[in-house]
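What follows is a single structure, written as structure tokens, with notes after it.
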Amino acid sequence: MSFLIPCPHCGPRSVYEFRFGGEARKRPAPEADAAAWAEYLHVRRNAAGVQTEWWFHRAGCRQWFQAERHTVTNHVRRAFRVEEETGRDAL
């Protein structure tokens, strides 16, 4: 079975066309202390199950988007442009 990611711009494509950008998480405030920024930059949840992640379509539309992917099965439930979602945090 191949690992496909449904790019919201180009449709389903092989994972090899993309660059993984990490877990999508809320950024600390610019004035937050160094410990908050260190945790944001270096600590990952890495939990088994569904998580929201950043992906970059490097061999296609060259756009960043987010996808909800199950980390055990690699099943992508949905992919979306961040600007289409309300209440989502962007980079």
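The values are calculated or read from the model by the stated rules, or taken from the named source; none is laboratory data. Remember, predicted model here, so these are calculated numbers, not experimental data. Positions of Cβ are backbone-derived with ideal geometry, glycine not excepted, and every protein chain shown enters the neighbour counts.
Return the pairs, sorted by first residue and then second, in which the second residue is in a loop (DSSP other than H, G, I, E, B) and aliphatic (A, V, I, L, M), the first residue lies in the stretch 1-27 and is more than 12 Å from A67 (Cβ to Cβ) and at pLDDT 95 or above, the beta carbons are less than 6 Å apart, and the residues are 6+ apart or on different chains.
Going by the 6 Å Cβ cut-off, the qualifying pairs are E17/A59.
From the list E83, E68, which one is among the charged types (D, E, K, R) and either in contact with a helix residue (DSSP H, G or I) (Cβ under 6 Å, 6 or more places away or on another chain) or modelled with pLDDT of 95 or more (or both)?
E68 is the lone residue from the list that is among the charged types (D, E, K, R) and either in contact with a helix residue (DSSP H, G or I) (Cβ under 6 Å, 6 or more places away or on another chain) or modelled with pLDDT of 95 or more (or both).
With R78, R62 as the choices, which residue is loosely packed, with under 14 Cβ neighbours inside 10 Å, of a type outside the set (D, E) and not in a strand (DSSP E or B)?
Checking each option against the conditions leaves just R62.
Restrict the check to the stretch 41-51 and report whether at least one residue is among the β-branched types (V, I, T) and modelled with pLDDT under 95.
yes
Looking at the structure I just gave you, is R69 in contact (Cβ under 8 Å) with a residue 12 or more places away in the chain and either surrounded by fewer than 13 Cβ atoms within 10 Å (Cβ to Cβ) or over 13 Å from the mean Cα position of the chain (by Cα) (or both)?
Here the answer is no, as R69 does not meet what is asked.
Just checking, does the stretch 45-57 include any residue being outside any strand (DSSP E or B) and surrounded by 11 or more Cβ atoms within 10 Å (Cβ to Cβ)?
No, the stretch 45-57 contains no residue that is outside any strand (DSSP E or B) and surrounded by 11 or more Cβ atoms within 10 Å (Cβ to Cβ).
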